[in-house]
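I have placed the structure first, in the form of structure tokens, so that the comments after it can refer back to it.
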Amino acid sequence: MTNKIELSSSKIKFEDLLSLVDRAIDTGIDIQIRRRIFSQNNTTMKFLKWVEKHKIISLFPIEIEAPPKKVSIRSRKRKVEISLQLVSLNVHMKEISRKFNVKIATAQSYFKDLENYTVDYLHILRLVLKMKEINSETNIADFPSFPIRINIKSLREELPKDEFEQLISISEHNKYLKRITGQKLGTTDLSILLPEKLKQKKIVN
């Protein structure tokens, strides 16, 4: 037997409404009603509120969450940033193209804006995203922008000692991983930079 009784529309036959009320009486379960319906002043709601007034049943207004709106990312640079993060999370190119609603070739072209990045770079990026609770199912609008910063102390506390030391060693030899002064006094952050290609300036004769 269901543990929920819900009125999803005020346009209901009276005999069906009585059956709903009978179920509520027999089970002692509240009748859930969408708030927009609950506030209406039609025959159905007048009847239900009258029955509730006499303590025969209980009504429970509910809010129905709207499905999340699809977010459209227009900036190419932002698409490049997010695509790189998705790759670090092992998301395939086909899925990246679907997230941006573009062709696979277009999604692949975003990586032409980037210099060669190492496996170590992607590994560290993935670790930091995980600590920031970013994963392949995260809404693309919620992915961080570069540079992505995280406190070194947080990394030390989260990672095994050998993995933390390896991370620090990698950051010393990778120009896109920088240790910088932290946002809090006396702390140090790891800053992950976007490995984007520098655009060459046109020489004007």
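Please treat every number below as a calculation from the coordinates, not as lab data. This is a predicted model, so every value here is computed, not measured. So basically every Cβ, Gly included, is an ideal-geometry build from the backbone, and we count neighbours across all protein chains shown.
Say the dipole of the range 76-192 comes from +1 at the beta carbon of Lys and Arg and -1 at that of Asp and Glu; which of Ile140, Gln166, Ser88 then lies farthest toward its positive end?
Ile140
To the nearest 20 debye, what is the magnitude of the charge dipole of the chain about its Cα centre, counting +1 on the Cβ of each Lys and Arg and -1 on the Cβ of each Asp and Glu?
Roughly 1220 debye for the chain.
If you take the alpha carbon radius of gyration of the chain and divide it by 2.2 N^0.38 Å, what ratio comes out, to two decimals?
After normalising by residue count via 2.2 N^0.38 Å, the value is 1.67.
Percent relative contact order of the chain, based on C-alpha pairs within less than 8 angstrom and at least six residues apart?
In percent, rounded to a whole number, it is 15.
From the helices alone, meaning DSSP H stretches of at least four residues, give me the mean residue ellipticity at 222 nm for the chain, per-run term -39500 (n - 2.57), in deg cm²/dmol to the nearest 500.
-12500 deg cm²/dmol
With a/c under 1.5 counting as rounded, go ahead and sort the range 94-205 into rounded, prolate or oblate using the C-alpha gyration tensor (a ≥ b ≥ c being the square roots of the eigenvalues; past the cut-off, prolate if a/b is larger than b/c, else oblate).
Oblate, because a/c is 1.5 or more while a/b does not exceed b/c.
How far is it, in nm, from the label point at Gln108 to the one at Met131 when both lie 7 Å from their Cα along the line to the Cβ?
Placing both labels 7 Å beyond Cα along the Cβ direction yields 3.5 nm.
State whether the range 5-62 is rounded, prolate or oblate according to the following rule on the C-alpha gyration tensor (a ≥ b ≥ c being the square roots of its eigenvalues): a/c under 1.5 gives rounded; otherwise a/b larger than b/c gives prolate, and the remaining case gives oblate.
Rounded, because the longest to shortest axis ratio a/c is under 1.5.
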